[in-house]
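The values are calculated or read from the model by the stated rules, or taken from the named source; none is laboratory data. Remember, predicted model here, so these are calculated numbers, not experimental data. Because the Cβ atoms are built from the backbone with ideal geometry, glycine has one as well, and the counts that use them run over all protein chains shown.
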Amino acid sequence: MDKFPASRRATNIEYAIRDVVVPARELEKQGKKILKLNIGDPLAYHGFPTPNHMIEAFYKGLKGQQNGYSPSYGLPELREAIAYDESQKINGGWDCKSDDVYVCHGVTEALQIIFAAFLQQDDKVLAPGPHYPPYMAYPQLFEGQTVEYSLNEENGWSIDLEDLESKMDDKVRLIVVINPNNPTGGIADKNHLKKIIDIAGKWPHCAVISDEIYDKINFKGNHYSTASLSDDVPVITLNGVSKVYYAPGWRVGYMAWHDPEKKLSLVRDGAERLLRSRLCASTPAQLGYLAGLQSNKDWMNDYTNKLLEQRDICIKRVQSIDGLKVTKPEGAFYMFIRITDEQWKSNDKGFVLKLLKEEHLLLVHGSGFSHKYGQGHFRIVFLPSPKILNEAFDRISRFLTV
């Protein structure tokens, strides 16, 4: 029987965070119970529920039959609230207007729209390595390519500015900053952000994507909005309800365009056409997000303090296990652990798969976040309770000492 051929654009897609679930499901079919620390979903673990006032607003929208299409760019009141939030960011916001904000089906849809509007054949996107997988996968869907710049593990996973600048040329359309970073938990400080803006400013057709989806999960409190530091270079900020508001399944995010000199007018027109063509984001979910933005946020401090305690538990456990080493994450809820064990340090995917098979613990291999810069690592999520985290490290320790 002849099989229909799949497109190259589809068969080349990799998403390691969910790809590793496939072998886990096979084990579950055999009756094995898998301890899953692979996905950054706060609702997959007890202890970080979506706040009730947001759920009530979502439910009120449903009960009130606010289930129709919203405007393609988002509910006006939500766009206004997002613009206000951007203008009031810790350490200085920027002059964000509601018309600068576009509401999407999460940050992943925002990325697809940006790449579709920006990229033509052989255009480049510079993204950090390691990075969130869609930054590698999506540009290729739109005839572009991703070029990775390195992060310095020994210096808190800081951005290697020399490496980034060495990879600039007139085909680079976008420089990506993920701050805090997924998967490393590294923070881009004010100095590095300003230098990235300076680098982008040397090239007339280069803008910056600033992925700030974890902005309020910063254990040092030193987050800077990239857009607030730019006077002329266009910066597109990405954020949403998934992480700091603990509602990933609602699939509501946004992109906010800071373009003081109107350099992106043509690209922005293209993005708006794409937004109109795909209709809109979920209307009741937008109402839930609106409630989160407009309500008191003191609850976030309790969540962040709990994450900090659980991060420190993981740090101590890593330090107690021969064959592992870690640079302390200062943001988000991930730990990117280096494998120093001689048997596994050059085979992180093999490590993760055999650990899954023998200890029924699901992690994500570091090379899934970058074949070049993520090798020899694995990512663990420290959202689960201390009891679960300790059990996970007991299994890792047992595996490495056999």
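Out of Val252, Val208, one residue alone is touching a residue at least 40 places away in the same chain (Cβ under 8 Å) and hydrophobic (A, V, I, L, M, F, W, C). It is Val252. A single entry from Gly68, Gly47, Gly40, Gly31 fulfils the requirement of being under 30 Å from Lys354 (Cβ atoms), surrounded by fewer than 15 Cβ atoms within 10 Å (Cβ to Cβ) and touching a helix residue (DSSP H, G or I) at 6+ places or on another chain (Cβ under 9 Å): Gly47. Contact annotation: residue pairs with Cβ atoms under 8 Å, 6 or more positions apart or on different chains, pairing a residue in the range 54-69 that is among the acidic types (Asp, Glu) with a partner that is in a helix (DSSP H, G or I) and surrounded by 11 or more Cβ atoms within 10 Å (Cβ to Cβ), are Glu56/Ala291. In the set (1) assigned to a loop (DSSP other than H, G, I, E, B); (2) out of contact with any Ser or Thr (no Cβ under 8 Å at 6 or more places or on another chain); (3) among the β-branched types (Val, Ile, Thr), Ile315 fails one condition alone, (1). Scanning the range 294-311 finds one or more residues that are touching a strand residue (DSSP E or B) at 6+ places or on another chain (Cβ under 9 Å) and either closer than 30 Å to Thr146 by Cβ or in a strand (DSSP E or B) (or both). Annotation note: Cβ proximity below 9 Å between a residue of the range 154-172 that is in the same structural domain as Gln120 (by TED's automatic domain parsing) and part of a loop (DSSP other than H, G, I, E, B) and a residue that is loosely packed, with under 11 Cβ neighbours inside 10 Å and of a type in the set (D, E, K, R) (sequence gap 6+ or interchain) occurs for Met168/Lys202; Lys171/Asp122.
Summed over the range 239-282, the residues that are surrounded by fewer than 19 Cβ atoms within 10 Å (Cβ to Cβ), part of a helix (DSSP H, G or I) and not charged (D, E, K, R) give a count of 6.
Looking across the range 309-326, not a single residue is at pLDDT below 95 and under 21 Å from the mean Cα position of the chain (by Cα). Of all residues in the range 122-144, exactly one satisfies the criterion of being part of a helix (DSSP H, G or I), in contact (Cβ under 8 Å) with a residue 60 or more places away in the chain and closer than 16 Å to Asn179 by Cα, namely Pro134. Looking across the range 7-48 at every residue that is modelled with pLDDT under 80 and either under 18 Å from Ala247 (Cβ atoms) or among the polar types (S, T, N, Q) (or both), the one that is nearest to the chain's Cα centre (by Cα) is identified as Asn12. Scanning the range 259-286 for residues that are touching a residue at least 40 places away in the same chain (Cβ under 8 Å) and over 22 Å from Gln120 (Cα atoms) gives Leu279, Cys280, Ala281, Ser282, Thr283, Pro284, Ala285, Gln286.
One residue alone among Ser295, Ser277, Ser282 is at pLDDT below 95 and farther than 19 Å from Ser98 by Cα, and that residue is Ser277.
Would you tally the residues in the range 107-131 being within 17 Å of Asn239 (Cβ to Cβ) and in contact with a helix residue (DSSP H, G or I) (Cβ under 8 Å, 6 or more places away or on another chain)? So the count comes out to 5. Look at the range 22-49: where a residue is in the same structural domain as Glu391 (by TED's automatic domain parsing) and a partner is in a helix (DSSP H, G or I) and among the acidic types (Asp, Glu), sitting 6+ places away or on another chain with Cβ atoms under 7 Å, you get Ile34/Glu28; Leu35/Glu391.
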